[in-house]
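Beneath this line is the structure, given in structure tokens, with notes to follow.
The values are calculated or read from the model by the stated rules, or taken from the named source; none is laboratory data. These numbers come from a predicted model, not from an experiment. Don't worry about glycine lacking a Cβ; one is built from the backbone with ideal geometry, like all the others, and counts go over all protein chains shown. When the accessible area is computed, the model is the full protein with side chains, heavy atoms only, and any ligands, DNA or RNA have been set aside. Shrake-Rupley method; radii C 1.70, N 1.55, O 1.52, S 1.80 Å.
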Amino acid sequence: MKDLLRLRTSLKEEIEIILNAQCKMEAEASQKYLAMASWLDRNGFAKSAEYLYAQAEEERQHFLKIFKYITEVGGTAITPIVGEVPQEYPTFKSVFEAALQSEIAVTNAINKIVAKCREVNDYATEDFMMWYVTEQREEEKNARRALELFDLIDSESPTGKFVLDKEIAKIGEAENE
Amino acid sequence: MYKKENHIHELYTTPKGSVHQCDLTDKIYLTFKDSVLAFKIQDFLMFRRKVHAVDIHEMIFNLSDKYDFEVIESQQYQFSLKLTLCDIIQLRELLDGARFTIEMYSMLHEVLGDFEIA
């Protein structure tokens with residue numbers, strides 16, 4: 001009797017399911033950043049809005065990378081359904097608090113995938129996911145930096161919000177150059 | 001629809017249906033409620049996930065007519081199944097049993113290498 005399961009792919013079903021779940025998470029993160037950018041834009045924070053538009057695009061690229069990997073190794077990539085994301089934020093700072101929270105949740109999810117890959121001896125997927133481990137370190141650092149700026153610059157001072165907006169937009173510039 | 005030959009292997013059978021594997025076509029044949037459906041392995045696993053995604057809690061407690069049946073369709077395989085709550089439970093049992101056998105055979109292949117498994 002043939003082993004049909006391994007005839008077309010070495011990707012185990014449980015790994016395929018968590019990779020699809022990660023696709024959904026990355027797509028959701030992209031949508032969240034887009035909503036945050038929209039809020040910032042309509043409240044006058046044009047420069048930090050641009051920064052979050054770029055983040056939204058980056059998250060979409062992360063999503064596509066996993067999506068294509070699933071099909072590349074013979075699995076079934078499922079277009080994720082993304083539900084409602086928050087459209088309103090109480091303050092300028094709360095946007096970046098939510099961003100950091102979202103990045104930490106993504107990091108945890110990626111760690112779980114790596115752990116699962118090791119459990120089922122799927123070293124190809126583990127190797128693929130290591131790129132995300134490095135990427136998340138960078139993403140978390142940037143999200144934390146934004147919150148640090150709120151501690152360094154008094155947003156209630158006359159030009160505080162204006163300076164914060166400009167400084168946040170500079171985050172991550174060094175690695176993009 | 002198909003004859004039970006050497007290349008047809010029974011994966012799981014319940015009083016309501018059966019699942020077979022054909023080594024010639026590399027397909028999984030599901031016999032359930034007067035229909036025989038043939039799937040590629042990946043699509044069979046997807047079909048199982050679809051059946052598991054049905055909210056049976058809603059079917060039990062929601063008195064609205066639209067929760068009396070669940071329709072599961074596949075344009076690729078050109079079928080449409082209208083399933084009651086009982087059908088869903090019975091189909092889940094059948095699909096889970098078949099998946100267990102498929103996984104078990106795969107594990108045996110992994111452990112035993114290229115040995116022929118009858």
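Under 5 Å between amide hydrogens, which residues at least 5 positions from B:Phe79 or on another chain qualify, with H placed 1.01 Å from N in the peptide plane?
Amide H neighbours of B:Phe79, under 5 Å, 5+ apart: B:Ser74.
What residues have an amide H closer than 5 Å to that of B:Leu11, excluding those fewer than 5 places away on the same chain, when H is modeled at 1.01 Å from N in the peptide plane?
B:Val19, B:His20, B:Gln21
Taking 7 Å along the Cα-to-C-beta vector as the label spot, tell me the A:Ala105-B:Met104 distance in nanometres, rounded to one decimal.
Using points 7 Å along Cα→Cβ, the separation is 4.0 nm.
Over chain A, what lengths in whole Å, largest first, do the semi-axes of the equivalent ellipsoid take, defined as the square roots of 5 times the eigenvalues of the alpha-carbon gyration tensor?
Here the semi-axes work out to 37, 15, 12 Å.
Given the DSSP H assignment, sum -39500 (n - 2.57) over each helix run of at least 4 residues in the protein assembly as shown and divide by its residue total; what's the result at 222 nm in deg cm²/dmol, nearest 500?
-20500 deg cm²/dmol
Report which residues of region B:8-29 become buried by 20 Å² or more of accessible surface when going from the isolated chain to the complete set of protein chains (1.4 Å probe; DNA, RNA and ligands ignored).
B:His9, B:Gln21, B:Asp23, B:Asp26
What are the extents of the Cα atoms of chain B along their three principal axes, in Å, largest first?
54, 30, 27
Please state, to two decimals, what the Cα-based radius of gyration of region B:15-71 comes to when divided by 2.2 N^0.38 Å (N = residues).
Scaled against compact globular proteins, the figure is 1.40.
Determine the shielding of peptide B:99-106 by partner chains: average, over its residues, the number of Cβ atoms on other chains within 10 angstrom of each Cβ.
So the per-residue partner count for this stretch is 3.
Calculate the radius of gyration of the Cα atoms of the protein assembly as shown to one decimal place, then report Dmax, the largest Cα-Cα distance, as a whole number, both in Å.
Values for the protein assembly as shown (Cα only, Rg and Dmax): 24.9, 84 Å.
Tell me, what is the FRET efficiency for B:Ile8 and A:Met130 to the nearest 0.05, using R0 = 35 angstrom and their Cβ-Cβ distance as r?
Efficiency, from the Cβ-Cβ distance: 0.20.
Between chains A and B, what is the buried accessible area summed over both chains (1.4 Å probe, protein heavy atoms, nearest 100 Å²)?
Heavy-atom accessible area buried at this interface is about 1900 Å².
Run through region A:82-172 and list the GluC sites (Glu not before Pro) located in a DSSP loop whose Cβ has at most 12 other Cβ atoms within 10 Å.
Those that pass, being in a loop and sparsely packed, are A:Glu84, A:Glu88, A:Glu156.
Straight-line reach from A:Lys93: which lysines fall under 22 Å, measuring Cα to Cα and dropping same-chain residues less than 8 apart?
Here the lysines satisfying the reach criterion relative to A:Lys93 are A:Lys32, A:Lys47, A:Lys141, A:Lys161, A:Lys166, A:Lys170.
Based on the alpha carbons, how large is the Rg to Rh ratio for region A:12-57 when Rh follows Kirkwood?
Looking at region A:12-57, the ratio lands at 1.25.
Please report, as a whole percent, how much of the solvent-accessible surface of region B:8-111 comes from carbon and sulfur atoms (probe radius 1.4 Å).
53
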